[in-house]
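Enquirer: Here's a structure for you.
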Amino acid sequence: MNKENIKAVLFDLDGTLFKTEAYQIKAWDEILKKRGITVSPKDYFRYIGKTAREVEKDLIKGFGLKIQEGELEKEKEELILKWFGSKDLELMPYAREAVEFFSSHPCVRMALCTSGSRNEVVCKLKKNNLCDKFDVIITKDDVSRGKPAPDIYLEAMKRLGLQGYECLAVEDTEHGLEAAKQAGAFCFAVPQEFSLGQNFSKADKVLDSLKDLVCFFE
C-alpha cells in the first residue's frame with residue numbers, strides 16, 4: 001500500500017474511536033437476563049463488530065428464542081440510547097487527535113462506517129463535538145446488510161466517489177476487517193481489549209493505537 005494513493009480514511013466507531021464496546025456487551029447481557037438467559041462476557045466477544053441485527057439472528061437461533069424479529073434489536077438500541085444520553089462517552093486513545101488530523105488533511109477525506117444506528121451515532125458524536133468532522137457518515141440504517149458484509153464500506157466509497165484501492169479502513173474487530181477487505185479497501189487493525197483474541201491476519205497493518213495511524217501519514 002502506497003499512502004500517497006490513499007484519498008480517504010474510513011473509521012469504524014465503537015472500539016475504534018469510542019470506548020463503548022463494554023456498553024454493547026452489557027446491553028445484550030441485560031436483555032437476555034430478562035429472558036432467563038445467562039451468557040458469560042467472553043461468549044459475547046465473538047459478536048464484537050457485528051450489527052445488532054446479525055447478533056440478534058445468532059441469539060435467536062442459538063437459544064431457540066420464540067420472539068418477533070427485531071424485538072431484541074429494538075430493546076438493545078433503546079437501552080443504549082438511554083445510557084449514552086446520560087453518560088460522558090470516553091474516546092479511545094488518540095482518537096480525537098486522529099480525527100482532527102484527517103479533518104484538516106489537504107488530500108485525505110474522512111468517513112465514518114459503523115454498524116450502529118444513526119440515532120446512536122449522532123448521540124455519540126454530539127457528546128464529543130465531532131458531528132461536523134466527517135465528509136460521510138454511513139450507519140446500519142443506510143444499507144441492507146451490516147458487517148461483516150461489505151455494504152457499509154461500499155456505500156461510503158460510492159458517496160465519496162472513490163474505489164476500494166483509494167481507501168484505508170481503520171477497524172478494531174475481525175468482522176470489521178472482513179467487511180473492509182471484501183469492499184476492496186486496505187485496512188489497518190487496532191485491536192482493543194474485547195477483540196485481542198480475534199484473527200487479524202488479513203490486515204495490512206496491526207497498530208498499537210491510533211497514534212501509529214497518524215504517524216504513518218505524517
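Enquirer: How do H105, H175 line up, fewest other C-beta atoms within 10 Å first? Don't skip to the end; give the middle numbers.
Expert: Details: H105 12, H175 24.
By the 10 Å Cβ count, ascending, the order reads H105, H175.
Enquirer: Students often check this: by mean Cβ neighbours within 10 Å, which of 152-160, 79-87 ranks highest, and how do the rest follow?
Expert: Sorting 152-160, 79-87 by mean packing, highest first, produces 152-160, 79-87.
Enquirer: Right, something else. Could you tell me which of rounded, prolate or oblate describes the range 73-218, using a ≥ b ≥ c as the square roots of the eigenvalues of the alpha-carbon gyration tensor, with rounded for a/c under 1.5 and, failing that, prolate when a/b is larger than b/c and oblate otherwise?
Expert: Details: a/c = 1.30, a/b = 1.21, b/c = 1.08.
The shape class here is rounded.
Enquirer: Name the residue from T139, Q24, I6 whose Cα lies farthest towards the positive end of the charge dipole of the range 1-156, charges +1 on Cβ of Lys and Arg and -1 on Cβ of Asp and Glu.
Expert: Going by the Cα projections, it comes out as Q24.
Enquirer: Can you figure out the FRET efficiency of K82 with K61, using R₀ = 30 Å and their beta-carbon distance, to the nearest 0.05?
Expert: Numbers: r = 27 Å, r/R0 = 0.91.
The value I calculate is 0.65.
Enquirer: Using only Cα atoms, locate the centre of the range 96-130 and the centre of the range 189-210, then give the distance between them in Å, rounded to an integer.
Expert: Computed from Cα coordinates, the inter-centre distance equals 20 Å.
Enquirer: What full-extension length gain, to one decimal in nm, is calculated for E69 and N199 as 0.36 nm per residue of separation minus the Cα-Cα distance? Show your work: numbers first, answer last.
Expert: Working: separation 130, 0.36 × 130 = 46.80 nm, distance 3.00 nm.
Full extension of this stretch gives 43.8 nm more.
Enquirer: Which far-off residues, 5 or more places away or on another chain, put their amide H under 5 Å from the one on F18, with H placed in the peptide plane?
Expert: Here M92 satisfy the definition.
Enquirer: Can you run phi through the Karplus equation (6.51, -1.76, 1.60; θ = phi - 60°) for the range 145-151 and list ³J(HN,Hα) in whole Hz, with x for Gly and Pro?
Expert: Each residue of the range 145-151 in turn: 10, x, 4, x, 5, x, 3 Hz.
The numbers here are math on the coordinates, done by the rules we state, and not lab data. Here the structure is a predicted model, which means the values were calculated and not measured. Methodologically, a virtual Cβ is constructed for each residue, glycine included, from the backbone with ideal geometry; neighbour enumeration extends over all protein chains shown.
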